[in-house]
Amino acid sequence: MSGSALIIIDVQVGMFEEAEAVYQGDMLLRRIAALITKARSSMVPVIYVQHNEEPGGALEPNTRGWEIHPAVAPMAGDIRIQKNTPDSFYNTSFHEELEKGGIRKLVLTGMQTELCVDTTCRRAFTMGYDVVLAKDSHSTFNKKNLSAQQIIEHHNDLLRWFAETQESERITF
């Protein structure tokens, strides 16, 4: 997949230390790690997006919770994008980094399905990127009125209007 990049959104330690566990967190990490291996073996860049919260938040910059989860940790030279909103493009260098690398196809993974993954997917589509959503490699938390599984299934169905949705094992680079 020339001109492609694997995008890992907000897979940070603090997301796995919340009072309620991330839905299928261990499986999520294994699938993203497998995608990283495939991307690296094909010389496809892996780009990490990190969410920054206010002081005292679980994702406060330069704290343990803010760090990328060690199961999917970046290597030297990987691009890291810092963001403060669910949109990975808003007030960040994400678009510029993609343009600099000649990247037009984004394979999206990460956290949280209904927030940062959804928003980044839609924004990438409206900016003209070719988007693939690894439909088994994004996750969230149970909510008061919906289970995490329901949220994921709903978004996989909804986001097919903005991205090609594929199981991670079928994604090639």
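Summary table below
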{"item": "Candidate set: the range 132-146, residues that are within 27 Å of E20 (Cβ to Cβ) and either without any contact (Cβ under 8 Å) to a residue 24 or more places away in the chain or of a type in the set (A, V, I, L, M) (or both); chosen: the one most open to solvent (accessible area, probe 1.4 Å)", "result": "K144"}
{"item": "So E167, is it in contact with a strand residue (DSSP E or B) (Cβ under 6 Å, 6 or more places away or on another chain), open to solvent by 20 Å² or more (accessible area, probe 1.4 Å) and within 19 Å of Y23 (Cα to Cα)", "result": "yes"}
{"item": "Residue match in the range 117-124 (condition: of a type in the set (D, E), surrounded by fewer than 21 Cβ atoms within 10 Å (Cβ to Cβ) and out of contact with any Lys or Arg (no Cβ under 6 Å at 6 or more places or on another chain))", "result": "no"}
{"item": "Some residue of the range 105-114 being among the basic types (K, R) and open to solvent by 50 Å² or more (accessible area, probe 1.4 Å)", "result": "no"}
{"item": "Among residues of the range 55-84, those that are at pLDDT 95 or above, open to solvent by 40 Å² or more (accessible area, probe 1.4 Å) and under 21 Å from E114 (Cβ atoms), counted", "result": "1"}
{"item": "Filtered residues of the range 19-53 (kept if within 16 Å of H138 (Cβ to Cβ) and of a type in the set (D, E, K, R))", "result": "D26, R30, R31"}
{"item": "Scan of the range 137-172 for residues that are modelled with pLDDT of 95 or more and of a type in the set (V, I, T), ordered by number", "result": "T140, I151, I152, T165, I171"}
{"item": "Residue tally, condition loosely packed, with under 14 Cβ neighbours inside 10 Å and farther than 20 Å from G3 by Cα, over the range 85-104", "result": "1"}
{"item": "Subset of the range 1-50 [part of a loop (DSSP other than H, G, I, E, B) and either within 16 Å of the chain's Cα centre (by Cα) or among the acidic types (D, E) (or both)]", "result": "D10, V11, E17, E18, E20, V22, Y23, Q24, V44, P45"}
{"item": "Residues that are among the acidic types (D, E) and over 13 Å from N156 (Cβ atoms), drawn from the range 100-142", "result": "D130"}
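The values are calculated or read from the model by the stated rules, or taken from the named source; none is laboratory data. Please read all numbers here as calculations on a predicted model, not as lab measurements. Don't worry about glycine lacking a Cβ; one is built from the backbone with ideal geometry, like all the others, and counts go over all protein chains shown. All accessible areas refer to the heavy atoms of the entire protein, side chains included, with ligands and DNA or RNA removed. Shrake-Rupley method; radii C 1.70, N 1.55, O 1.52, S 1.80 Å.
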